[in-house]
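Enquirer: I'd like to ask some things about the structure below.
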Amino acid sequence: MDIFDAILNRRSIRKYYKDHPLEFDKIIAVMEAGAHAPNAGGLQAWKFVVVLEDDIIEEIASYCGGQDWIHTAPCVVALCSDLKTNKDYYGDSGDMYAFQNTASAAENMMLTAYGLGLGSCWVGAFDREQITEILKVPDRYRIEVLITIGYPDEHPLQKEINDLSSFVYFNEFGNKVFDVHTMMGEYSKEWQRQLDLLKKKTSRYNRETQHFFKQMKHKFDKDYKPKLKEFLDKLKKGEDKFRQK
Ligand SMILES: Cc1cc2nc3c(=O)[nH]c(=O)nc-3n(C[C@H](O)[C@H](O)[C@H](O)COP(=O)(O)O)c2cc1C
């Protein structure tokens with residue numbers, strides 16, 4: 001599955017087919033995806049506790065602020081950060097990295113679950129003390145995130161997101177542009193089209209591929225870079241009619 005498809009179409013799933021067996025290899029693939037996530041210093045200072053026992057899942061569900069739907073999940077994963085390792089390496093920043101690391105692993109896991117036909121949901125509202133006790137998590141670790149995983153028994157539609165111009169700024173906070181695509185031209189589409197054409201011809205990285213990248217770089221330097229510079233200069237001077245604070 002194309003990564004962009006997964007990003008656009010993944011939705012939080014809060015109802016699962018409890019009786020649909022969840023293949024173990026899929027769970028392991030999801031764990032591997034988590035382990036490949038960006039993390040501070042590449043330390044992988046985390047543990048993932050995979051819960052498959054109904055009784056334990058029931059117990060966890062009862063400590064998630066009334067989120068009864070959690071017990072429909074055949075699998076709950078607790079992403080725990082290793083506070084000690086993060087602190088030893090990064091001092092005061094370690095605590096912040098601890099959460100950021102697991103957040104990045106969580107997103108990898110959820111996208112992979114989606115790619116494997118599974119649903120998932122990030123659960124941030126939970127009683128950490130109680131669930132730490134249920135899962136026997138040692139002191140040096142902190143449960144940062146819970147993720148439910150299973151076959152979806154609901155199919156939410158793609159969601160609406162805010163217009164890019166309302167939250168994407170250029171060069172300084174507040175510099176926004178109404179229609180980035182129109183301003184810059186659809187270069188990535190052209191790039192993709194060329195790449196698809198090339199892929200039809202060859203599946204290997206060879207001289208032809210290298211030639212393609214050289215050509216595209218030339219096109220990029222010649223057409224796109226001056227346009228980008230002109231656009232950013234205008235934006236800086238406040239001349240651009242699309243600019244809006
Ligand atoms: C930090 C964080 C905490 C969240 N906590 C919960 C939660 O406790 N329960 C829940 O049902 N969803 C939770 N979510 C999921 C969000 O509600 C959901 O991602 C958001 O509404 C966007 O919908 P989508 O995931 O379908 O795109 C959480 C998400 C994040 C990132």
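Enquirer: Under the condition of being small (Gly, Ala, Ser) and more than 16 Å from the ligand (Cβ to nearest atom), which residue from region 138-179 is farthest from the chain's Cα centre (by Cα)?
Expert: Restricting to residues being small (Gly, Ala, Ser) and more than 16 Å from the ligand (Cβ to nearest atom), the top hit is Gly174.
Here's the yes/no breakdown for (1) within 16 Å of the ligand (Cβ to nearest atom); (2) without any contact (Cβ under 8 Å) to a residue 60 or more places away in the chain; (3) farther than 16 Å from Met109 by Cβ; (4) not aromatic (Phe, Trp, Tyr):
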| site | (1), (2), (3), (4) |
| --- | --- |
| Met1 | no, no, no, yes |
| Arg11 | yes, no, no, yes |
| Tyr16 | yes, no, no, no |
| Asp19 | no, yes, yes, yes |
| Ala29 | no, no, no, yes |
| Ala35 | no, no, no, yes |
| Ala45 | no, yes, yes, yes |
| Val50 | no, yes, no, yes |
| Asp68 | yes, yes, yes, yes |
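Coordinate-derived values only; no laboratory data. Quick caveat, the model's predicted, so the values are computed rather than measured. Cβ atoms come from the backbone with ideal geometry, glycine included; neighbour counts cover every protein chain shown.
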